[in-house]
Amino acid sequence: MRSPKSFDVGRRALLGTGVAMLGLAMPRLARAAFPDRPVRLIIPYGPGGQTDIVSRLIGEAMGQRLGQPVLADNRPGAAGNLAAEMTARSPTDGYTIMVGSTGALGGVNAALYKNLGYDWQQDFAPIGLFCTTPNVILVNTTAIPVNSLTEFIEFVSTRPGQLNFASSGIGATTHLSMELLLERAKLSMVHVPYRQSTQGMTDLLAGRVQARCLGLPEAEPVKTDSRVRAIAVTSAARSPNWPDVPAVAETLPNFVGANEFGLAAPAGTSAEIINRFNAALNEALVDPAVKAGFQRVGAEAVAPNSPDTFSGYVRQRGATWTALIQRLGLSAE
C-alpha cells in the first residue's frame, strides 16, 4: 500500500501538471476570444470630413462582425503624423488600429518631414485597403474660360507661371495630384496651399486663385455654381457621383491621383489578430450599406484585399508621390 506521504506527493505532481497545461492553453483561449472589449480606431483627421465619414462607416461595420464596437478616436495633426506616432507606440494586443494612407504608410510624410516620431517601414502591420477617393479639378470660369482638360492645358501652356492653383496643403494628395498633372502636361502654375478649405473655395469663386484640386464632397456645394467648372477627376475612371466629368486619364493615359485609405496596427501585432481584422474588413466592404455610404461621399469600396496586397499597393503609390516630391524639392517644414 502507498503511504499517505507518497500519495500526497503524487497528487501534487498531478495537479501541478494540470495547472501547467492550463497555462499553456490560456493564450490560445485568449486569442480565440479576440476581441473581448472595444477596439480603438485612430483617425488622422477631424470629425465631419470625408476621411472621418468613411472611417466611421467601416469601423461600425467591422464592429458588427467582430462582436465588439470599433470606436473612432479623431487625432488630427501634422498630416497624419500624430495619429501614426500614437499607433506606433500603442500595445500590440490588437485593441488599437489606425486609418492610414500613403502619407504615413507609403513614405510620403517621411519625404516631406525631417523628424518623424515613427518609422513608416518598420512600425506598422498592414490590415487592408478599404477605399479610394478621387479629387476633382475646378477652374474659375472667368479667369480660365475653358470647357475641358485639353482646353485647360492649351490655355495654361501659353501663360507659364501666370496662373495659380489652390490645394489643402503642401504634400496633400490634392497638391500632388495637381503637380503630377502639370508635370505630365509640361505646364507651370503657382501653388497656393490653404489650411482652411472654406477660404480656398471663397478665393476660387472670387478668382483670387484660378484653379483648385479638392475632394469631391468639398466640391459638391459648388457643383452647379456658374463661377466654377469641373474639368476632370483624378481617379483612373470617372466617378459615379460626377459621371459627366472626364477622368484626367482620358487625356493623359495612366494618370491616377486618388487618395487611398486602409487600416494598420502596431508592428508586432499577431498574424491571427491581423487576419481576424482583415476578414471582418473584407466582409464589411461587400455590405451594400457600406458601399452606398461610401458612394455618398465620393469614395469607392475596395475588396477583397489582403494585408500583403495593401502593403504593396500603398508602397507603390507612395513611391510615385515620393519621387515627385524629390523632383520638385518639396518640404512641409
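Laboratory data are not the source of any read-out in this text; all were calculated from the coordinates shown. None of the values given here were measured: they were computed from a predicted structure. Positions of Cβ are generated from backbone atoms using ideal geometry, with glycine treated the same way; all protein chains shown enter the neighbour counts.
A few remarks follow.
- Rounded to 5, the percent of DSSP beta bridges in the chain classed as antiparallel: 60 percent
- For the chain, the dipole from Cβ point charges (+1 on Lys and Arg, -1 on Asp and Glu) about the Cα centre works out to 860 debye, to the nearest 20.
- Alpha-carbon centroid distance for the pair the stretch 173-220 / the stretch 110-155, whole angstrom: 10 Å
- Environment charge at V209 (Cβ cut-off 13 Å; Lys +1, Arg +1, Asp -1, Glu -1): +2
- Taking max minus min of the alpha-carbon positions on each principal axis, the stretch 196-333 gives extents of 54, 41, 32 Å, largest first.
- Estimated dipole of the stretch 48-92 in Debye, rounded to 20 [Cβ of Lys and Arg +1, of Asp and Glu -1, Cα centre]: 80 debye
- Prolate/oblate/rounded call for the chain, Cα gyration tensor, a/c under 1.5 rounded: prolate
- Cα gyration tensor shape for the stretch 135-250, rounded if a/c is under 1.5, else prolate or oblate: rounded
- Of the trypsin sites (Lys or Arg not before Pro) found in the stretch 256-315, none is in coil by DSSP with at most 14 other Cβ atoms within 10 Å of its Cβ.
- Judged by the mean number of other Cβ atoms found within 10 Å, the most tightly packed of the peptides 74-87, 213-226 leads the ranking 74-87, 213-226.
- The stretch 121-197: trypsin sites (Lys or Arg not before Pro) in DSSP coil with no more than 12 other Cβ atoms inside 10 Å: K186, R195
- Between the C-alpha center of the stretch 54-78 and that of the stretch 225-292 there is a gap of 17 Å.
- Helices that extend 27 Å or more along their long axis by alpha-carbon positions and average at least -0.5 on the Kyte-Doolittle scale are, among the DSSP H runs of the chain, 4-32, 307-328.
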